[in-house]
Structure formats: C-alpha cells, structure tokens
Amino acid sequence: PIEDLEINTVAQLNFLNLIKEFCPNALIIYTSTRQVYGIPQYKPVDEKHPINPPDINGINKFAAEQYHLLYYKIHNLKTIVLRLTNTFGPRMRIKDARQTFLGIWIRNLIEDKNIQVYGNGEQLRDFNFVDDVIDALIKCINNENAIGHIFNIGSNEFITLSKLARDICKFKRGAKWELVPFPEDKKSIDIGNYYTDFSLAKRILNWEPKTSLKKGLEQTYQFYIKNFYKYIM
C-alpha cells in the first residue's frame, strides 16, 4: 500500500509542484482509471457516478486526480483527467497479470496453456485499443474546453469475459479456456459488470473509439506472435 501511495499519489504531487515552478504553461493530461467508481450503481457509468474505489490503487488514483484538478483551480495549471477502461494492445505487459488480465491471457494462448476466467465468466467489460487511447490524448491538445475536466474513455462494445475468452481462443487451433474460482484477493475487489458512458468525451473532445475489439485483439495477438520473447523476460 505504501509503495502504491508513493507511485500513484506522492509522485503526482511532486510532479505538479515541479510543473508549477518550472513549466506553468504546460498542458498536463493525467490518465486515471475506471477503478475509482468501484461496483457500478448504474450502467453505463458516467462521470457523475459516485466514487467508491474497491482497492488501494483506486483510492490513490482518485487522490491523484483531485490533486491535478486542485492545481487547476488554485494555480491555474492546465490539467485534464482521463479515466480509462481496460486498455490493451501491442507492448502491454504479458509476463504476468499485474497490469491487465488480457496480457496473461495472450501469453497463455501462445504457450498452449488454458485461459483462465474467474467466477462464472458472465462479468461484462468494455475495452479500448491503445491507438484509440492515444487518439483521446491527442484530442485533448489545444482544446481549451477540456481543461479542468474529467472524461471517461470507453467503448460502445461490451462483452462477457467468457465470450471474450472464446473469441481469443479462435486465434489458435486447439486453444482452450476454463472457468476457475476467484482467488480470495481478486474476489474481494471484483466490481461485477462494468461498461462506460463516454458521451462527454464524444461531445467535448470529439472522440470515440475507431478500432473494433476483434480487430484490436487480432493486431495484439499477431504482434506477440512476432515479439513474444521480448516481453516475457
């Protein structure tokens, strides 16, 4: 918890103080997470949804968001917050499940291991291909109307994890997936079904995702077929 606090909160506060002192005209785009919302009270989840982080990381990311917005209000720094859903694509971490479960799924697929889906597999999620996330970041540039705001970045496509596993297995003959019980540390922080309302980003940033989930997964899989050993060390 302390390491997470230092990385995700203290470091952001130090960064903002340096920007305030040495580069006060910079534009700062902070990438936060949908994890700050916790278990959805309604869906799709918009920016007005209550904040209820289910874990230490969500708490620290929310605190960092508030620092960025506070420095906009009291120091006139040009800050923007993007709350990302599940981002995936080439160069994501695949050597373990520390940052995204899709990464370890891709690794297991390539290594002929079963893809493991926790629980009943009916949890709904939405995903953004990395190119679309980059596009959202770029659309914040030179957009005065975006400064001082929080935007959800998400997708119109949402899918159960079991169907996602089945779709990924189609990339390789003989690939298999299985349902497994939740590990206790995962079960206690699982948020159930989640998908995003990104209409504010569409209206103000003129942003919406362009890459379909299927196309993004295909590009990701092909990338790791060619570069697998560079990313598992």
statement: Scalar couplings 3J(HN,Hα) for the stretch 112-126 by Karplus 6.51 cos²θ - 1.76 cosθ + 1.60 (θ = phi - 60°), nearest whole Hz, x for Gly and Pro, are 6, 9, 5, 7, 9, 10, 6, x, 8, x, 8, 5, 8, 9, 10
statement: Counting only protein heavy atoms with a 1.4 Å probe and every protein chain in place, the carbon and sulfur fraction of the accessible surface of the chain in whole percent equals 51 percent
- prompt: E218 versus L124, label points 7 Å from Cα toward the beta carbon: distance in nm?
  reply: 2.6 nm
message: Please compute, over every Cα-Cα pair in the chain, the percentage with a separation greater than 23 angstrom.
response: 52 percent
query: Which helices count as membrane-span-like in the chain under these terms: full DSSP H, at least 27 Å along the axis by C-alpha, Kyte-Doolittle mean of -0.5 or more?
result: 56-75
task: Just grab the label-to-label distance for L70 and A97, each label 7 Å out from Cα along the Cβ direction, in nm (one decimal).
output: 3.5 nm
message: I need the calculated FRET efficiency for the pair N25 and N52, taking r as the beta carbon distance and R₀ as 35 Å, to the nearest 0.05.
response: 0.50
- prompt: To the nearest 0.05, how large is the calculated FRET efficiency for Y229 and I134 if R₀ is 25 Å and r is the Cβ-Cβ distance?
  reply: 0.45
message: Over all directions, how big on average is the projection of the convex hull of the alpha-carbon atoms in the stretch 190-233, in square nanometres?
response: 5.5 nm²
field: Per residue accessible area in Å² of the chain, where ligands, DNA and RNA are left out and the probe is 1.4 Å
entry: 54 Å²
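The values are calculated or read from the model by the stated rules, or taken from the named source; none is laboratory data. From a predicted model like this one, the values you see are computed outputs, not experimental measurements. Backbone-built Cβ (ideal geometry, glycine too); neighbour counts: all protein chains shown. Side chains are part of the model used for accessible areas, which takes the heavy atoms of the whole protein and leaves out ligands, DNA and RNA. Shrake-Rupley method; radii C 1.70, N 1.55, O 1.52, S 1.80 Å.
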